[in-house]
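The values are calculated or read from the model by the stated rules, or taken from the named source; none is laboratory data. Just so it is clear, the model here is predicted, and its values are computed rather than measured. Cβ atoms come from the backbone with ideal geometry, glycine included; neighbour counts cover every protein chain shown.
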Amino acid sequence: MYPSSINDLIESFKMLPGIGEKTAERLCFSILDMEDENVEFFSESLKQIKEKIHRCPNCNSITENDICDICVDTTREKSLCVVEDIKSVFLFEKMGVFKGYYHVLDGLISPIDGINPEDIGLEKLMDRIKKDKYQEIIFAFKPSIEGETTSLYIKKILSDTDIKITQLASGLPMGADIEYIDSLTLERALSDRKEIG
């Protein structure tokens, strides 16, 4: 129906989560109506994100530098917030209520989905905890069976240490992704965090 270049762009947009045929067509025609310099900027931005962005070797978040800005900031508190995905780091940073460091896992333990402890990068987390001497470890996972399983597993590994281990307070809806929870609820869950018993 469309020229092949338009079809290719529509198919490209459909690769993005939540983008169906109609939305992809609308986005494609929006680009056709853009000024040339805006199309150039858009195209260059896509290219740059793949060339420049990589995982921080320390915390597993993303950065354009050798090590991310948070990890190199020596003024932060000696607490470590362990999250399940990169977006959570930026969510907490936007709120501005947490002043410590972060560590991003490669997901959560879920035996039913074939995701075991060795699949989520726990070895890197444990090495970091031993090396950096944190006073508190905070688990900021979505309230779910997978989040609970991961929290309890890590706590068991750390049971012979004297590090305070806490998790976000209840009040977060069960099964909800952290990124969809409003900032006030998330801020309260962080400030009212409780020790894992």
Out of the helices (runs of 4 or more DSSP H) lying entirely within the range 120-197, which hold 1 or more residues that are of a type in the set (Ser, Thr, Tyr), surrounded by fewer than 13 Cβ atoms within 10 Å (Cβ to Cβ) and modelled with pLDDT under 90? 183-191
Going through (1) β-branched (Val, Ile, Thr); (2) buried (at least 17 other Cβ atoms within 10 Å of the Cβ); (3) free of Cβ contacts under 8 Å to residues at least 40 places away in the same chain; (4) farther than 21 Å from residue 54 by Cα one by one, residue 89 fails only at (4)
Could you check, for the range 47-63, whether at least one of its residues is over 19 Å from the mean Cα position of the chain (by Cα) and of a type outside the set (S, T, N, Q)? yes
I'd like to check something: does the range 19-40 contain any residue that is in a loop (DSSP other than H, G, I, E, B), touching a residue at least 60 places away in the same chain (Cβ under 8 Å) and surrounded by 11 or more Cβ atoms within 10 Å (Cβ to Cβ)? no
Is it fair to say residue 47 is of a type in the set (Lys, Arg), part of a helix (DSSP H, G or I) and under 30 Å from residue 68 (Cα atoms)? yes
Could you grab me the full set of residues in the range 56-75 that are surrounded by 15 or more Cβ atoms within 10 Å (Cβ to Cβ) and either modelled with pLDDT under 95 or outside any strand (DSSP E or B) (or both)? 56, 58, 59, 60, 61, 68, 70, 71
